[in-house]
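Since the structure comes first, as structure tokens, the remarks are kept for the end.
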Amino acid sequence: MALHSPDAAPPSDGVREPGSWRAVAELLRPVRGRLALGAALALVGSASGLLPYAAVAQIGRELLGTRRDAVVWAWVAVGVAGAAGRLALMVAANLITHYADADQQRLLRTRLARHAAALPLGWFTGRGSGELKKAMEDDTEDMHHMVAHAVLDLAGAVGLPAAALVYLVATDWRMTALTLAALPAAALALGAAHRTMPVRMAELTRAQVDLNNAVVEYVDGIEVVKAYGGAGRARRRLADAVDRLGDSLAAWVAEAGRAMFASRMLLSPALVLLVVAGAGTGLILAGALEPADLLPFLLVGVGLPAPFMTIIQGAQQLRRGRAAAAHLLGVLAEPPLPAPRDPAVPGAHGIRFEAVTFGYEGASPVLRGVDLECPAGSVTAVVGPSGSGKTTLSLLVPRFFDVDAGAVRIGGVDVRDIPQERLLALVATVFQDVVLVRDTVRENIRLGRPGASDAEVEAAARAARVHETIMALPQGYDTVVTGRSGALSGGQRQRITIARALLQDAPIVLLDEATAHVDPENERAVQEALGALTRGRTLVVIAHRLYTIRRADQIVVLDAGRVVEHGTHEELLAAGGRYRDMWDAQGGDDGQGQGGEDSGRAERRDRRRNGPAPGYRRRGDGEPRSRRRTPGDPARHDCAPGGADRSGAARPGPAVSGRGTTR
């Protein structure tokens with residue numbers, strides 16, 4: 001068997017340390033050519049913006065001097081051309097960077113979605129979906145500002161001042177120096193304000209992740225929050241997360257606010273105008289400056305320091321973009337489930353757990369040395385108290401998690417050696433908690449097989465006993481349903497997921513207490529749909545209501561992550577162990593007058609009123625003797641609800657690893 005390392009698929013060598021510009025370069029690689037072109041156009045366009053101001057200054061000088069009309073009109077033409085050129089170049093630059101940003105966001109979100117699909121479920125349960133939400137929305141939004149705006153703002157803030165500086169120095173270097181006198185003081189103030197920027201940015205990122213997780217938790221549990229008001233844990237967590245984000249922002253503003261105010265005051269046009277006008281007047285009175293030479297500084301020099309603030313704001317956007325890129329690459333660097341080194345496809349569909357030990361991140365093992373075999377075409381029921389590891393056991397079959405020790409095999413092939421797409425095609429899962437995607441009913445069913453035709457979707461819905469319900473909706477199969485709510489009841493939504501699994505037509509079916517939240521009226525319809533789904537397939541049932549699994553081929557009892565009993569219903573009752581205790585606690589009636597007399601009478605009354613109680617049949621139950629399978633026959637069983645063995649004889653299930661019942 002191939003070796004499986006949890007360290008597979010490390011992040012690329014291009015990413016070194018969090019928050020580095022290497023992270024930005026890594027993410028911007030697909031669009032950096034267009035960004036460079038946009039920045040170049042913005043630089044030239046910004047420099048062209050100097051021409052109208054310079055033209056006005058030169059026209060003023062000409063009017064104060066020789067008043068040559070031809071020269072005046074020439075400068076008018078230069079000013080108009082400069083304004084038009086700036087407008088055209090900046091529009092082109094914005095279009096280029098915004099199209100590049102659209103492509104960047106599409107590529108980035110697609111990459112995140114594909115990577116998230118390959119991550120183990122433990123990543124989501126350990127960090128919360130808010131982590132992915134921040135990457136998908138908040139971080140990509142910060143990257144948007146960097147790609148579509150910050151690059152152009154910086155290029156524009158550099159082009160105009162550079163051209164203006166050359167023009168002003170050529171006019172009078174002394175006035176240029178006086179115009180820029182406040183710039184060093186503003187730079188020192190801003191440098192002090194941004195000294196703690198990386199620390200504050202990291203704190204803000206953590207606070208945003210906490211808030212996203214709290215919001216998702218609050219929305220998902222809104223029924224509980226409304227029922228218990230402000231005492232709910234979700235509401236307290238949301239309030240605490242909001243407070244932490246507010247504190248982080250307040251600390252940032254407290255450190256940077258005074259410096260930002262001082263720098264804005266020093267670089268304000270009013271203060272610069274006061275300095276230029278005062279110094280220029282003094283030089284004119286001293287005979288050191290011609291009056292006409294003061295015009296360029298009054299028109300151009302007053303605005304010369306202003307782009308410095310634009311540079312500071314653009315640099316801040318770049319820092320936010322760098323932090324976002326670091327977080328994005330941190331998510332993308334999370335190791336997915338290792339891909340098979342020697343892919344194999346099973347030829348049979350029996351399931352075997354071999355000494356399986358598994359625990360969630362940072363927790364003690366949930367499963368401990370589990371050995372279990374589920375023969376192809378058989379019905380295996382897994383029961384036990386809450387927290388015994390039943391659902392966890394089922395999640396290991398489609399490889400939502402990798403085992404810590406041992407192996408899970410399908411048809412003798414380790415699930416870690418089966419390509420993920422092929423493995424998921426082999427296993428259909430009906431979860432206890434029904435969640436539909438925000439799409440039409442048709443597309444929710446078609447998730448089981450994306451290439452299925454409308455007729456196949458409808459056939460699956462009919463088999464799941466939900467076609468009439470769908471047709472009663474306002475738009476029928478084109479009715480849009482939401483994730484956890486809407487016009488459909490719990491039983492109807494469950495039948496839609498069963499239709500999805502029917503359309504998938506997988507040889508292995510996992511049922512995690514599929515009728516736990518269904519009312520009695522819907523339960524029968526759900527059980528009928530499950531009967532169609534499970535016929536002829538390998539079935540693993542997670543159950544709490546033991547009467548539904550009495551006819552399973554084998555029943556496995558888990559306790560504290562270990563198999564403590566297994567066998568048929570009759571064998572486990574006769575053993576008088578843990579299963580017997582659970583059966584009696586549920587008011588079970590074994591037909592021998594022992595335990596649960598009131599419940600037994602109630603069950604018989606329900607049978608007379610509604611027909612047989614739902615349950616999963618053993619292989620061959622309800623079939624003529626001539627059609628019952630022998631050990632050498634192909635795997636086939638009928639899991640339709642109710643229905644006793646027509647022969648009237650109790651028929652034990654298959655041998656369980658040759659061990660019978662264990663305690």
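The values are calculated or read from the model by the stated rules, or taken from the named source; none is laboratory data. Keep in mind that this is a model prediction, so the values were computed, not measured. Every residue, glycine among them, receives a Cβ derived from its backbone with ideal geometry; neighbour counts consider all protein chains shown. SASA here: full protein model, heavy atoms, side chains in, ligands and nucleic acids out. Shrake-Rupley method; radii C 1.70, N 1.55, O 1.52, S 1.80 Å.
These residues, Lys390, Lys133, go from largest to smallest accessible area, 1.4 Å probe, as Lys133, Lys390.
Using every pair of distinct Cα positions in region 440-480, the Kirkwood expression returns a hydrodynamic radius of 10.0 angstrom. Per-residue surface analysis assigns Glu571 an accessible area of about 80 Å², computed on protein heavy atoms at 1.4 Å probe radius. I need the P(r) histogram for region 26-171: all alpha carbon pairs, bin width 10 Å from 0 out to the longest distance, whole percents. Values per bin, smallest distances first: 11, 28, 22, 16, 11, 7, 4, 1, 0. Simple rule: put +1 on each Lys or Arg Cβ and -1 on each Asp or Glu Cβ in region 356-432, find the dipole, and look at Cys374, Pro385, Pro398; the Cα lying farthest toward the positive end is Pro385. Per residue, the Cα convex hull of region 291-332 amounts to 42 Å³. A Cα-only calculation for region 302-433 places Rg and Dmax at 23.9, 85 Å.
Note on region 74-96 and region 370-385: Cα centroid distance 75 Å, given to the nearest whole angstrom. Close amide H pairs (under 5 Å, H built 1.01 Å from N) link Cys374 with Ile351, Arg352, Phe353, residues at least 5 positions away or on another chain. Taking amide H positions as modeled 1.01 Å from N, with prolines and chain starts lacking one, the residues under 5 Å from Asp439 and 5 or more places away or on another chain are Val481. The spread of Cα positions in region 418-472, taken along each principal axis and listed from longest to shortest, comes to 41, 27, 21 Å.
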